[in-house]
Amino acid sequence: NAGVTQTPKFQVLKTGQSMTLQCAQDMNHEYMSWYRQDPGMGLRLIHYSVGAGITDQGEVPNGYNVSRSTTEDFPLRLLSAAPSQTSVYFCASSHGASGTFSYEQYFGPGTRLTVT
Amino acid sequence: TQLLEQSPQFLSIQEGENLTVYCNSSSVFSSLQWYRQEPGEGPVLLVTVVTGGEVKKLKRLTFQFGDARKDSSLHITAAQTGDTGLYLCAGDDRDDKIIFGKGTRLHILP
């Protein structure tokens, strides 16, 4: 199993450009999420999904869109990039919210995004 | 929104010493997870604590969940340079959101 994969690993955008960060998992996990990590801020939840067709906002959703058309994929779209979105983005997945250990997350390697 | 506060923010100690880091909240969590993150990588799960008062051991690492399930601690015995990293705690919000503390950055000096 590849686990959680993210592409690209690095990206530089100009202000106003749009792009999609890809995330895929091959563990048949129901729960997927996107975080951004900034120095001194820990991991902040952007959007999450408890299953295909269901998404919801996290702590910092503005400027980002998500969709979940399949169990495996959970892309994150930046609509109009801003310098404040410069960050490291992590995708994570876990088993569905039906058991004791449902919140144990497996993380991808991250995407480093710079917006100039 | 529930908050998780981790302390200390930074800790630098000599190899062989013991240390404890903390994860505190005013809210009750059904479970808490501890992760370790190394530079350039995603966080990796260390342990989940579920029951109030629970103690789990992972080699030299001891994790404890508070009786009221509002706080947790991580104790490392005889720290090694390989323990260096960012330690994060995480818990589930009432709305299925998984939130993280800001982490404790641990540096073990040889």
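The values are calculated or read from the model by the stated rules, or taken from the named source; none is laboratory data. These numbers come from a predicted model, not from an experiment. As a convention, Cβ positions derive from the backbone with ideal geometry for all residues, glycine included, and neighbour counts pool all protein chains shown.
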Going through (1) in a loop (DSSP other than H, G, I, E, B); (2) more than 14 Å from chain B (Cβ to nearest Cβ); (3) closer than 30 Å to B:Thr104 by Cβ one by one, A:Gly40 fails only at (2)
Members of region B:54-110 found to be within 13 Å of chain A (Cβ to nearest Cβ) and among the acidic types (Asp, Glu), listed by number | B:Glu54, B:Asp92, B:Asp93, B:Asp95, B:Asp96
Could you tell me whether any residue of region B:78-92 is surrounded by fewer than 16 Cβ atoms within 10 Å (Cβ to Cβ), part of a loop (DSSP other than H, G, I, E, B) and either among the charged types (D, E, K, R) or within 15 Å of the chain's Cα centre (by Cα) (or both)?
-> no
Checking B:Phe29 against (1) at pLDDT below 95; (2) not in a loop (DSSP other than H, G, I, E, B), which test does it fail?
-> (2)
A:Asn28 being farther than 20 Å from B:Leu4 by Cβ, more than 13 Å from the chain's Cα centre (by Cα), modelled with pLDDT of 95 or more and surrounded by fewer than 19 Cβ atoms within 10 Å (Cβ to Cβ) = no
What single numbered condition from (1) farther than 19 Å from B:Asp96 by Cα; (2) more than 11 Å from the chain's Cα centre (by Cα); (3) more than 11 Å from every other protein chain (Cβ to nearest Cβ); (4) in contact (Cβ under 8 Å) with a residue 40 or more places away in the chain fails to hold for B:Thr20?
-> (2)
Note on region A:67-95: residues β-branched (Val, Ile, Thr) and either without any contact (Cβ under 8 Å) to a residue 12 or more places away in the chain or within 14 Å of chain B (Cβ to nearest Cβ) (or both) are A:Val88
Only one residue in A:Thr70, A:Thr20 is farther than 21 Å from B:Lys102 by Cβ and touching a strand residue (DSSP E or B) at 6+ places or on another chain (Cβ under 6 Å), so which one is that?
-> A:Thr20
